[in-house]
Amino acid sequence: MMHLRISGTRTWLGLLTAAILFAAGCDGDSDPSNGPPIIEQPLQTITVDFDSTEADPFQKGTPPLSALFEGGTASGDGAWIIPEDETGEITFTTPTRSLTIEFENDYQPPVPGLNKASVGDVYRQVDVECGVSNQGNNNSEAYNALMYLRGFTQVEDPGTAANAASRFLVGPENLFINFGNNVYKTEIIMLPDNIAGGRFDYKVADGGWSDDKTWTQDQEPLQLDSPLTLVPGGSGAPNGSFTITEEACYQFELDTTDVNAPILKASIKKEEPPDGGGPDPDPVTGAEVRVYDTNDSLISASETSPVSISRAGGESAIGRVEVENRGGDGDVGVTRVEWKATPDDAPSQRNVEVLYHRAPADYDGVQIEYDDGAGTRLEDCVPNPPGSYGWCGISLDVYPSTLLTYRILINGEEDPAGTIVLNVDDVNDFGQILTYSGRPGWTNDGGNPATGGTVNLSSCYADAPVACPKTAPGRPPGTAFSLQSEEQHHCLLNISYK
């Protein structure tokens, strides 16, 4: 991917255009005081919901009311994804004074068949290891039978009564493990669902629902971090209840010191601090959205969604945004970006020349198809000068911070150079982009790594002897010679390509 900086310098196409415009304007002076009144254009709202697949970088909106998105991926699933330890950037073509950005840490794409609101009903892994391992003790010691926490087993579809009943099945995931000293533990990933607003029914029992091995609550429900003494739960006794509000790894501890009155305690499992000291401070994780003005000064930095900023008339406008994923909390998904802008605040367009060279120098039927964000257009590639060995090209006026996509067509067939996508914020100092026939994706930025300087492509076609930027075949570096023949070809080949 080439990154090009726009330049106002114009070469042969630009100078010719300027001369024509100058001549056309010589019919007489106009008096601006007698012109029509200036009418300010209203603010327009641009909203991006990321519902289409895009390459990186990609552009949203229509210039000059557009924005360039760089970094991350947009796969058409409703979010612009920024992976851990990466940063995405949004650059506004026209500065904005009103901006809203919505994002999610640990973003999960929507599941087919479910709307976004119900995605939380699907079980997924939490950020802490969940589950207990066998401790080498007799897990049947307390009741001469394996005991289970029945009612919390994970199911594929928690939204149906049938699957709610299947939560009471037994298996390794809800088996109480003997940790010694009459303490048994099990750990289960749980999250709220649409059954009774996050309320789960449960009992502690063996695999056969034996009356003397089934336990439930008395009156009070089970609550986090609050030990609850259980009562016999066989022979049709009601279930206990436990209501949760967040997805987590829940640890259940059963104290059987008194086997006739076991005590159940529920807690959320947290990462244990490292040995040798107290708990570490919470690490900085997830997204940080940084908003900069047109002077690249930081306006705000936010870790919470949504980010909403309005700039008053006397304040500098918003120029760009960085969305950094600091890691530790999965992908960051930017789900919505909305801003307001008016063409009255648009920056000046800059001139860029798209040039094409091939050997032999036959440019009949050569056209350049391009899209600068305002739609696809097709123009004849004008030789310079007509009939010379040099190149053909078109002159474009484009806005900064936009993408330029183009390809070369020869009698309607695409040149093997293929389709070129360029960030026009980084055109060379001469405002020129050169594509060489048959070199897929190659463009020339005019740089000369041999000298660390910059070379105007027109030096390859000077009337007077010049030094070719790099070594031409059969000649020492820097040899001066008149470039009027096939040596022009070598000069072009030896300019820096990226």
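Between residue 137 and residue 44, the simple label model (points 7 Å from Cα in the Cβ direction) yields a spacing of 7.1 nm.
Our coupling estimate for the stretch 415-424, obtained by passing each phi through the Karplus curve with A = 6.51, B = -1.76, C = 1.60 and θ = phi - 60°, is 5, x, 4, x, 8, 10, 10, 10, 8, 7 Hz, Gly and Pro reported as x.
Can you give the net charge of the other residues whose Cβ lies under 15 Å from the Cβ of residue 413, counting K and R as +1 and D and E as -1? Kindly include the intermediate steps, with their values, before the conclusion.
Numbers: positive: 358, 407; negative: 362, 364, 369, 414, 415.
Cβ neighbours under 15 Å give a net charge of -3.
Here the 3J(HN,Hα) profile of the stretch 341-347, calculated from phi with Karplus coefficients 6.51, -1.76 and 1.60 at θ = phi - 60°, is 7, 10, x, 4, 9, 5, x Hz, Gly and Pro shown as x.
The residues neighbouring residue 315, those whose beta-carbon lies less than 10 Å from its own, together hold a net charge of +1 under the Lys/Arg +1, Asp/Glu -1 convention. Can you tell which of 232, 183, 171 lies farthest toward the positive end of the dipole of the stretch 147-268, using +1 and -1 charges on the Cβ of basic and acidic side chains (Lys, Arg; Asp, Glu)? Projecting each Cα onto the dipole axis, the largest value belongs to 232. What translational diffusion coefficient, in µm²/s and rounded to a whole number, does the Stokes-Einstein relation yield for the stretch 147-268 at 10 °C and a viscosity of 1.306 mPa s, taking the hydrodynamic radius as the Kirkwood radius over Cα pairs? Answer, rounded: 111 µm²/s. Distances between placed amide hydrogens fall under 5 Å for residue 214 paired with 233, 234, all partners being 5 or more residues away or on another chain.
Mind listing which GluC sites (Glu not before Pro) in the stretch 219-268 are in a DSSP loop and have 14 or fewer other Cβ atoms within 10 Å? Passing sites in the stretch 219-268 are 246.
What you get for the stretch 147-268, charging only the Cβ of Lys and Arg (+1) and of Asp and Glu (-1), is a dipole of about 160 debye around the Cα centre. Going from the residue with the fewest nearby Cβ atoms within 10 Å to the one with the most, 304, 93 rank 304, 93.
No value in this document is a laboratory result; all are computed from the given coordinates. Just so it is clear, the model here is predicted, and its values are computed rather than measured. Cβ: placed from backbone, ideal geometry, glycine included. Neighbour counts: every protein chain shown.
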